[in-house]
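Here the structure is laid out as structure tokens; the discussion comes afterwards.
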Amino acid sequence: MIDFKTILSAKCVGIAGCGGLGSNCAVALARVGIGKLIIADFDEVTESNLNRQYFFLHQIGQKKVDALKENIRLINPIVTIEVHPIKLIPENIITLFKTCDVIVEAFDFADQKQMLIETVLSDMTGKPLVSGVGLAGWGDSNAIKVKRINNLYICGDATKEVSEEMPPLAPRVGIVANMQANVVLEILLK
């Protein structure tokens with residue numbers, strides 16, 4: 001039998017972005033006993049975030065990384081949490097996440113996603129990266145899948161982009177975020 005608690009307690013996961021995907025994925029990983037999380041996001045909690053992100057009304061105005069650290073501490077105080085309230089760029093991605101066993105991409109915008117994916121794939125060869133795309137709207141849960149391309153794992157339906165008609169809502173965002181956490185576990189517990 002696999003002693004998953006011992007294995008996970010020795011692992012480090014990087015979370016790039018603390019919005020709907022990142023905050024929910026980080027919480028799922030904390031609940032299963034990941035040893036360390038390195039979390040980076042420059043943004044602050046706003047009221048509009050509360051429909052899908054793991055934050056609370058009293059945290060509006062706080063840096064997302066600080067609010068998320070506070071929330072994870074309430075769930076699992078044993079997890080080591082390193083926070084970086086910065087905007088990620090190629091140079092600091094490499095520095096911040098070099099010790100991570102897996103990196104989770106949890107950005108809102110396609111250009112940021114592309115930048116992180118290209119940086120990890122080109123400059124951090126062999127490092128597993130779990131990305132989330134195609135999570136807007138509601139329904140059609142069976143369309144959400146995991147696609148693997150070497151060390152890149154893509155979670156989502158890869159089609160439903162966020163728009164005014166198709167906003168990111170808690171159910172599908174939560175499914176993809178938890179799918180990302182599940183893929184991280186598959187990688188770490190292989």
Study note, to complete from the structure: Selection from the range 88-124 of residues more than 24 Å from Gln53 (Cα to Cα), touching a residue at least 24 places away in the same chain (Cβ under 8 Å) and of a type in the set (Val, Ile, Thr) yields Ile94, Thr99, Thr119, Val120
**Study point:** Selection status of Asp3, over 29 Å from Lys190 (Cβ atoms) and surrounded by fewer than 19 Cβ atoms within 10 Å (Cβ to Cβ)
**Key:** no
Review point. How many residues does the range 32-47 contain that are small (Gly, Ala, Ser) and either modelled with pLDDT under 95 or over 15 Å from the mean Cα position of the chain (by Cα) (or both)?
Key: 2
Point to revise | From Gly14, Gly61, Gly35, residue being of a type in the set (Gly, Ala, Ser), surrounded by fewer than 23 Cβ atoms within 10 Å (Cβ to Cβ) and touching a residue at least 40 places away in the same chain (Cβ under 8 Å) | key: Gly35
Review point. If only one of Leu68, Leu116, Leu96 is farther than 26 Å from Glu161 by Cβ and in a helix (DSSP H, G or I), which one is it?
Key: Leu96
Study note, to complete from the structure: Over the range 134-190, the set of residues on the phi > 0 side of the Ramachandran plot and not in a strand (DSSP E or B) is Gly134, Gly137, Gly139, Asp140, Asn150, Ala158
Check your understanding: From the set of residues in the range 86-136 that are β-branched (Val, Ile, Thr) and over 16 Å from Cys12 (Cβ atoms), which is surrounded by the fewest Cβ atoms within 10 Å (Cβ to Cβ)?
Key -> Thr125
Exercise for review: Give the range 137-161 a look and list any residue that's in contact with a Pro (Cβ under 9 Å, 6 or more places away or on another chain), buried (at least 18 other Cβ atoms within 10 Å of the Cβ) and more than 25 Å from Val13 (Cα to Cα), or say none.
Suggested key: Gly137
Point to revise | Residue satisfying condition, being surrounded by 15 or more Cβ atoms within 10 Å (Cβ to Cβ), touching a residue at least 60 places away in the same chain (Cβ under 8 Å), over 15 Å from the mean Cα position of the chain (by Cα) and part of a helix (DSSP H, G or I), within set Leu8, Leu29, Leu50, Leu21 | key: Leu8
**Study point:** Residue identified as among the acidic types (Asp, Glu) and over 17 Å from the mean Cα position of the chain (by Cα) among Glu82, Glu165, Glu105, Glu186
**Key:** Glu165
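The values are calculated or read from the model by the stated rules, or taken from the named source; none is laboratory data. Quick caveat, the model's predicted, so the values are computed rather than measured. Quick reminder, even Gly has a Cβ in these numbers, built from the backbone with ideal geometry, and neighbours come from all protein chains shown.
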